[in-house]
Amino acid sequence: MDLLPSDDQQQIVDTIKDFLRNEAPVDRLREFGAIGNPDARLWPQLGELGFFALGLPEDKGGVGFSAAEEMLAFQQFGYHLVSPVIFGLVLGARIAAFAGDEDLRDELLAGGLKVGLANSRGAAAGPKDYHLLEAEDADWILFVTEAEAGLYPRDAFDGITRVDSTDSVLILERAKLVGSPRVSIPADVDNIHDRALMLIGAYAVGIGEGARDLAVDYAGIREQFGQPIGAFQSIKHICADMAIRSEAALCQASFAALVMDEGSPDTPFHATASKIVACETAVRNAADCIQVHGAFGFTSEANVHHYLKRAHFADMMWGALREQRKRILAFPTPA
C-alpha cells in the first residue's frame, strides 16, 4: 500500500495550500480580534472550487474522489487553522446527499449555509447535554454518534447558554437536545462517525505540522549568544521529535483513509487510531513549539497559542484521547 500522494493528489494539495496561504494566513486570527470567526467569507470560494464535495460520490452530486483526497484537504485545513465549521459543511452535505435531500446538499456544497457542531459534554453532564460550537447563528447543527448522524435545527436544542471557550476565536455554548433532526442517516447507510474521526485526525495532523514549521522558522531567526537558537542541540532535538511525530500521524491518517476506501472491516479501528495519534501529536507539537519560542511563546502576539488551543479542540471532538483509547481496546485485532 502506497502512502505517498500521487501526482494528481499532490496537485489538489498544492491548489488548496496556495488558496489558504493567500486567503487564510494564521495571522488573520490575531488581526480579527479576540473572539469571532473570520472564515465564513471563505465558504463560497471553497464551495466553488469543489473542496466541500471532494469525497462525495459523483452519483450523490460530488466530485467523486476518494477519502484519501478528502483527508489531504483536511490536513491543509488544519495546517491553516480553518474554522471547524468546515466539518459541518462537508459532513452535513454528505448526510443530506445520502438522505436524498438534494436541495440541502447543494446549498451546503456551495458554502451558502452555516453549520455548527454538537459535541457531547460527557456522561457526567448527562446524555442529552451538549456543547455547541460555532452554532450561535447557524442554519443547522451537525450531530454525530456511532449509530447515526444528522443535521438538527438550532431550536432542537434548549437552554442554550454562552460559555467561555479555550479557543477564544470560536463561539462555545451549552445546550440540551430536545428536538429531532431535519435529516439523518444510520451508520449502515454511510458511517459518518468513522469518517468524522478520520477527518479530525487529518485536521490534527495539519495542526501538528503547522506548529512544527512555526517552531523551525522561529529557531532559524531567533538568535542567542550570536547564533540562531536552531544551532543548539537541545532545540534540534525538539524540532526533530516534532517532525517524527508529524510523520507518524500523517502515515496513520493516510492509512485510515485508504482502508476506508477499501471498505475494510478494520476501518473503525484505524479511524480511531488516526484521531488518537494525530491529536496527541498536535497537542505535544504545539506545547513544544511554545517551548522553542521561550517567553515570547506565552504571549498573544505569537501565533503559537492558536495551534495549542485548536489542538485541544480537535482532541475533544467526538471523544477525547482517554475515551478513544478505551474505545480502541474494545475492537478486534486488525487483520
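The values are calculated or read from the model by the stated rules, or taken from the named source; none is laboratory data. Because the structure is a prediction, the values reported are computed rather than measured. Quick reminder, even Gly has a Cβ in these numbers, built from the backbone with ideal geometry, and neighbours come from all protein chains shown.
Looking at P84, P127, can you tell me which residue is without any contact (Cβ under 8 Å) to a residue 24 or more places away in the chain and either in contact with a Lys or Arg (Cβ under 6 Å, 6 or more places away or on another chain) or not aromatic (F, W, Y) (or both)?
Numbers: P84 fails: without any contact (Cβ under 8 Å) to a residue 24 or more places away in the chain.
That would be P127, the only listed residue that is without any contact (Cβ under 8 Å) to a residue 24 or more places away in the chain and either in contact with a Lys or Arg (Cβ under 6 Å, 6 or more places away or on another chain) or not aromatic (F, W, Y) (or both).
Can you name the condition, by its number, that P334 falls short on among (1) modelled with pLDDT of 95 or more; (2) touching an Asp or Glu at 6+ places or on another chain (Cβ under 8 Å)?
If we test P334 against (1) modelled with pLDDT of 95 or more; (2) touching an Asp or Glu at 6+ places or on another chain (Cβ under 8 Å), just (1) comes out false.
Condition first: in a helix (DSSP H, G or I) and either touching a residue at least 60 places away in the same chain (Cβ under 8 Å) or more than 15 Å from the chain's Cα centre (by Cα) (or both). Now tell me which residues in region 48-63 satisfy that.
Hits for region 48-63 are E48, A53, E58, D59, K60.
Looking at region 191-236 only, could you name the residues that are surrounded by 20 or more Cβ atoms within 10 Å (Cβ to Cβ), small (G, A, S) and either out of contact with any strand residue (DSSP E or B) (no Cβ under 9 Å at 6 or more places or on another chain) or without any contact (Cβ under 8 Å) to a residue 40 or more places away in the chain (or both)?
Scanning region 191-236 gives G201, A202, A204, G206, G208, G210, A211, A215.
Please specify each residue of region 83-107 satisfying the condition of being surrounded by 24 or more Cβ atoms within 10 Å (Cβ to Cβ) and over 12 Å from F52 (Cα atoms).
P84, I95, A96, A97
Pick out the one residue from C289, C279 that is over 21 Å from Q324 (Cα atoms), modelled with pLDDT of 95 or more and buried (at least 19 other Cβ atoms within 10 Å of the Cβ). Write out each step before concluding.
On the way: C279 fails: over 21 Å from Q324 (Cα atoms).
Just one listed residue meets the conditions, C289.
Within region 271-306, how many residues turn out to be under 17 Å from E209 (Cβ atoms) and outside any helix (DSSP H, G or I)?
1
Please go through region 33-87 and pick out each residue that is among the acidic types (D, E) and either farther than 19 Å from A202 by Cβ or touching a His at 6+ places or on another chain (Cβ under 6 Å) (or both).
E48, E58, D59
Among the residues of region 64-82, which ones are out of contact with any Phe, Trp or Tyr (no Cβ under 9 Å at 6 or more places or on another chain) and assigned to a loop (DSSP other than H, G, I, E, B)?
Those that are out of contact with any Phe, Trp or Tyr (no Cβ under 9 Å at 6 or more places or on another chain) and assigned to a loop (DSSP other than H, G, I, E, B): G64, F65, S66, H80.
Do you know which of the residues in region 292-307 that are buried (at least 22 other Cβ atoms within 10 Å of the Cβ) and among the aliphatic types (A, V, I, L, M) is farthest from E223 (Cα to Cα)?
Out of the qualifying residues, it is V304.
Kindly provide the set of residues from region 241-276 that are of a type in the set (G, A, S), farther than 22 Å from H312 by Cα and surrounded by fewer than 24 Cβ atoms within 10 Å (Cβ to Cβ), ordered by number.
G263, S264
Being crowded, with 21+ Cβ neighbours inside 10 Å and of a type in the set (V, I, T) is the requirement here; does I171 meet it?
Here the answer is no, as I171 does not meet what is asked.
Between a first residue in region 284-312 that is in contact (Cβ under 8 Å) with a residue 24 or more places away in the chain and of a type in the set (K, R) and a second residue that is crowded, with 16+ Cβ neighbours inside 10 Å and assigned to a helix (DSSP H, G or I), which pairs have beta carbons less than 6 Å apart while being 6 or more apart in sequence or on different chains?
Pairs that qualify, where the first residue is in contact (Cβ under 8 Å) with a residue 24 or more places away in the chain and of a type in the set (K, R) and the partner is crowded, with 16+ Cβ neighbours inside 10 Å and assigned to a helix (DSSP H, G or I), are R310/I207.
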